[in-house]
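These notes are about the structure you will find just below.
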Amino acid sequence: MNEQRSDANIPNVGGWKDTAPRHTLTYRIRHRARNTVIYVLAAALAFVGTVAAATLIDINGAIKDGEVKAIPQKGQKEEELVDPNAGKSIELLVMGQDTRDGADNAAIGGGDTSEGSHQADTTMVVQISADRSYINLVSIPRDSLVDAPSCETSKGTVSARYNVMFNSIFAEGYATGDDLASAASCTVNAVNSLTGLNIQNFIVVDFNGLKDMINAIGGVKICIPSDVKDPYTGLDLTKGLHQLDGLAATQYARTRYSLGDGSDVQRTTRQQYLIKQLLQQALDKNIFTHTSELYQLAKSALKSLNISHGLADTATLAGLAMSLKNLNVAHMYTRTLPVVQAPSDPNRVVWDSSADELWTKMREGKPFVEQATQDSSSNDSNKDDKSSENSDSTDQNQNADQNTQGDQNTQATQQNTKVAEGVEKTPDGKYIDTATGGVIDTETGAVQDANTGQVLGISEAYLNNVVCPVK
């Protein structure tokens, strides 16, 4: 569990508990997620099937080549090595770097971003629970407006800034420090200030790295809910189930205007869907029959990733992989931050006040989706036994009232039809995500709040079981 930073000493910015920031825009952000926690999880899983000493030495070299030393921020302790078996939750920041450096990245990138430009195209906060039974993942929209605290880089201090786009924090850190460590460290520092979390570790990946990792695992199955032909990325697919190679999957992760409502938030949900599909495919691989393939995935991932010092260790990743090998992907809870239009700019967004509900659960080490208690039925049984032995008429009347109310609730629940695990259909034809109670957009699979219309995430259960079942 993370300790709350109520005494956060962030220069010029009051931190996550500041109730009146200068720009008066409390809690802001939104962004588009690129798939990356899968990189650590799927890559780490490969260690299970590659236990030979020579293999471990080879992979450890790849890890060290991609290691990035975080720059200590004022008032913070030095980062510590992650101990996946210590019974503590693991928090990390995953950043997808939007760069055109190198021929491969330039070919995949598209758009108008020039070589030498470094943006945090995707940022996700990932929390792996202490008991390894679930993962919380929150996507931070790149063009949400936030307060950025000052931060230290390799070549000096970046001053605090107010009401700036979130992805500019990464870019400003890189421009000042002229290295990835500066960009990532400034971003981690800002996220900690905005959320009250105490994240110490991070992972950074670029376009080409994502493509290579997906190719290494043999591609990924993706359900396309409607035809798409995107002139920016070159993605051209018909509605239905597709086995995408690395290039097409990367294009899918980047496509914005040709799918859904064209918003960055909905693109974020699609990237979350891709992460889950990749993770499920990695977990489905039999380590005895697919050892070579998993080994190539591990090497490809580790060569493509830049990992903070606290995670850049073979034993750490191997231990983490072992502790996650039985993870149920349905317990990977992905969310996009609730956002509203920014008062200062109609083309930007700010975090809605309800965003802190997600950060509070993370700070308290709780899953986004509460699990039903398994002893509820036995408790009910005990209550029934006691009531039968009790001849008090008042208790009998109370039990009768409770039973009547229970019958009414059961009848109300039965009005919806279960079409898949996590998906119900209402009598009027709407699809409901049972985890959030949100309404599923049948054109995109996005889950929207029934009252506000805000996008909460995506229903992979709807895409995989209703639109095009994955076999």
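The figures follow:
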{"quantity": "Residue 424 at pLDDT 90 or above and open to solvent by 40 Å² or more (accessible area, probe 1.4 Å)", "calculated": "yes"}
{"quantity": "Single condition residue 222 does not satisfy, out of (1) open to solvent by less than 10 Å² (accessible area, probe 1.4 Å); (2) farther than 25 Å from residue 166 by Cβ; (3) assigned to a loop (DSSP other than H, G, I, E, B)", "calculated": "(3)"}
{"quantity": "Every pair of residues 6+ apart whose Cβ atoms lie under 8 Å, when the first sits in the range 441-470 and is free of Cβ contacts under 8 Å to residues at least 40 places away in the same chain while the second is open to solvent by 40 Å² or more (accessible area, probe 1.4 Å) and of a type in the set (Lys, Arg)", "calculated": "none"}
{"quantity": "Qualifying helices (runs of 4 or more DSSP H) (wholly inside the range 227-305; at least 2 residues being modelled with pLDDT of 85 or more)", "calculated": "246-254, 264-284"}
{"quantity": "Residue in the range 427-471 that is least open to solvent (accessible area, probe 1.4 Å), counting only those that are under 23 Å from the mean Cα position of the chain (by Cα) and of a type in the set (Asp, Glu)", "calculated": "433"}
{"quantity": "Unique residue being farther than 18 Å from residue 66 by Cα, open to solvent by 30 Å² or more (accessible area, probe 1.4 Å) and charged (D, E, K, R) when the list is 179, 212, 206, 227", "calculated": "227"}
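The values are calculated or read from the model by the stated rules, or taken from the named source; none is laboratory data. Note that the structure is predicted; figures quoted are calculated from it, not measured. Positions of Cβ are backbone-derived with ideal geometry, glycine not excepted, and every protein chain shown enters the neighbour counts. The area values use the complete protein model at the heavy-atom level, side chains included, leaving out ligands, DNA and RNA. Shrake-Rupley method; radii C 1.70, N 1.55, O 1.52, S 1.80 Å.
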